[in-house]
Amino acid sequence: MASRELALGSSDAFAGQAEAERGLLEMCRRGDAEAFARLVRLHESMVYNLSARLLGDGEEARDLSQDVFLQVYRTLGGFQERSTLKTWIYRIVVNQARNRQRFWRRRRRERCCPIEDMTAADHARASAVHPDPEAPFERLARGEQALQIQAALRKLSFDHRAILLLREVEELDCDEIASALSVPQGTVKSRLARARDALRAAVAEVAR
């Protein structure tokens, strides 16, 4: 009985959260500036942290975060709520980061990863992942090891880095990742397996 009541409580909480999100969205769509500022406050930490890990540069991540929320503001009217608002914002972050990296390549701006620009909070969040027997994250839990995993992630392709961050750090499930990346679930699973293999190899290289 207790478990059933707990499940019902969790369901009610989720429904309440969804209803609150819909209310916030409606206010934003009506042009309520304070409502949009609240939306930004709710998601700005996630947007910055993911941007910093995808780009490996704190200053670029701050610029990207501004671009992300500008796009959210401009396109919020077209958000059809087929996914959660947060998942939709994840998609914008990943797409914006991918476009920025393409721009870097066109301009031949090959940059090293200034990991020292990442804040202590960034490193703590990157380390605070749940152990996964299929991934090497549990071996890189804190301190200097967090720097190793950042360096290893930077050796991966953008797609592999993105899918690992969404799964291991942001803790999205396969369905949410598929929505965020606009790919089928089967692609998520195969790409995630390849990304974990690539990360193992990169970690071994960094640790040498």
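The values are calculated or read from the model by the stated rules, or taken from the named source; none is laboratory data. In this text, all values refer to a predicted model and were calculated from it rather than measured experimentally. Here the Cβ is made from the backbone with ideal geometry for all residues, glycine too, and neighbour counts use every protein chain on show. Keep in mind that these areas ignore ligands, DNA and RNA; they rest on the heavy atoms of the full protein, side chains included. Shrake-Rupley method; radii C 1.70, N 1.55, O 1.52, S 1.80 Å.
Key figures
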quantity: In the stretch 79-93, residue most open to solvent (accessible area, probe 1.4 Å) [restricted to those that are hydrophobic (A, V, I, L, M, F, W, C) and assigned to a helix (DSSP H, G or I)]; calculated: W88
quantity: Residue within the stretch 6-24 that is modelled with pLDDT under 95, out of contact with any strand residue (DSSP E or B) (no Cβ under 6 Å at 6 or more places or on another chain) and surrounded by 15 or more Cβ atoms within 10 Å (Cβ to Cβ) present; calculated: yes
quantity: Residues being under 14 Å from R100 (Cβ atoms) and touching a residue at least 24 places away in the same chain (Cβ under 8 Å) - total across the stretch 61-89; calculated: 4
quantity: Filtered residues of the stretch 32-60 (kept if part of a helix (DSSP H, G or I), more than 21 Å from I177 (Cα to Cα) and open to solvent by less than 60 Å² (accessible area, probe 1.4 Å)); calculated: A35, F36, A37, L39, V40, G58, E60
quantity: Set R106, R74, R154: member being at pLDDT below 90, open to solvent by 70 Å² or more (accessible area, probe 1.4 Å) and among the basic types (K, R); calculated: R106
